[in-house]
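Read the structure below first, then the notes.
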Amino acid sequence: MSIKSRILLASAVSLLVLSACNSKTGSDLAAGDIAATVNGTPISKYSVDQIVGQRAARGQPDSPETRKAIIDQLAITMLASEEAIKKNLDKTPEVSNQINLSRQSILANAYVEDYIKNHPISDDMLKAEYDKVKAQMSGTEYKARHILVDKEALAKTIIAKLKKNPKLFDSLARQYSKDPGSKSKGGELGWFDPRGMVPEFGAAVAKLKKGKFTLEPVKTQFGYHVILLEDTRAKEAPTFEQVKPQLAKQLQQQSLKKLFDDMKENAKIVITDSPAAALSKKPE
């Protein structure tokens, strides 16, 4: 199947999936619930509303023209699917497999939504997680400069020059440093948490006093550093309200991961096809 055909199929399937959200037949739907009919088969307002909502999230306005275009797309999709069924295309291995995958995806999403609805993240859980995050984020931030070079001998030469005149740090960084991110700024790194740096660098910064530089080169995986500590400040953690949405999402993801891990643990999953062999097959 060509790439273009796959794109068209994906578009059609997405519309079919949304229209399938309404499982009522024409006789079950009240007149006020029907947006249109195609050869007597109804297109529900619910289906149209679902697609409008998705497009609105992408910035498309909800207008009569938009709804008419959606109904036209749903009608074409419905007509094309009816023709496919007449030709028994739904019974071909490829299409049948795709229909099954779409059905499984819809059911899986419904199960996840139901699980989230019935297992809400409580404020107590959020506050407990916040306390953990707050503890990790507390501490001291450092404002420093550095000069990064390849050779220890050059680093020692730079330190010797700084001992004679500490005010040369800016110009020496611009002249010798191989760090492209800070070289043009005189080695300035801005404010940072030393725990986010490579261990050797973070440890060296934490030992320095304000206004002092390292008297010995600091070796890391990047080379040899000469570091100047300019200032320190207490690190302020964000408020609970600021991070509450992110924490809720994080805990929800953790809860779902545990759910799925437990499912796999209790299931008998037998892989009969070699993953390596499957990956080696070229797509059509």
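The values are calculated or read from the model by the stated rules, or taken from the named source; none is laboratory data. Quick caveat, the model's predicted, so the values are computed rather than measured. No Cβ is skipped: glycine too gets one built from the backbone with ideal geometry, and neighbour counts run over all protein chains shown.
If only one of 162, 189, 154, 148 is at pLDDT 95 or above, over 17 Å from residue 223 (Cβ atoms) and of a type outside the set (Asp, Glu), which one is it? First the steps, then the outcome.
Values: 189 fails: over 17 Å from residue 223 (Cβ atoms); 154 fails: over 17 Å from residue 223 (Cβ atoms); 148 fails: over 17 Å from residue 223 (Cβ atoms).
Criteria check complete, one pass: 162.
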Say we look at the stretch 210-240 and pick out the residues that are modelled with pLDDT under 95 and in a loop (DSSP other than H, G, I, E, B); which of these is nearest to residue 194 (Cα to Cα)? 235
Single unsatisfied condition, residue 249 versus (1) part of a helix (DSSP H, G or I); (2) under 27 Å from residue 157 (Cα atoms); (3) within 35 Å of the chain's Cα centre (by Cα): (2)
Pairs under 8 Å by beta carbon, first residue among the charged types (D, E, K, R) in the stretch 128-145, partner part of a loop (DSSP other than H, G, I, E, B), six or more apart or different chains? 134/237; 141/193; 141/235; 145/182; 145/186; 145/187
For the condition more than 30 Å from residue 120 (Cβ to Cβ) and at pLDDT 95 or above, what is the one hit in 182, 280? 182
In contact with a Leu (Cβ under 7 Å, 6 or more places away or on another chain), surrounded by fewer than 15 Cβ atoms within 10 Å (Cβ to Cβ) and assigned to a helix (DSSP H, G or I): is that true of residue 111 in this structure? no
Being in a loop (DSSP other than H, G, I, E, B), hydrophobic (A, V, I, L, M, F, W, C) and under 25 Å from residue 255 (Cβ atoms): is that true of residue 121 here? yes
Residues that are touching a strand residue (DSSP E or B) at 6+ places or on another chain (Cβ under 9 Å), of a type in the set (D, E, K, R) and either under 18 Å from residue 183 (Cβ atoms) or outside the structural domain of residue 192 (by TED's automatic domain parsing) (or both), drawn from the stretch 145-171: 145, 150, 151, 170
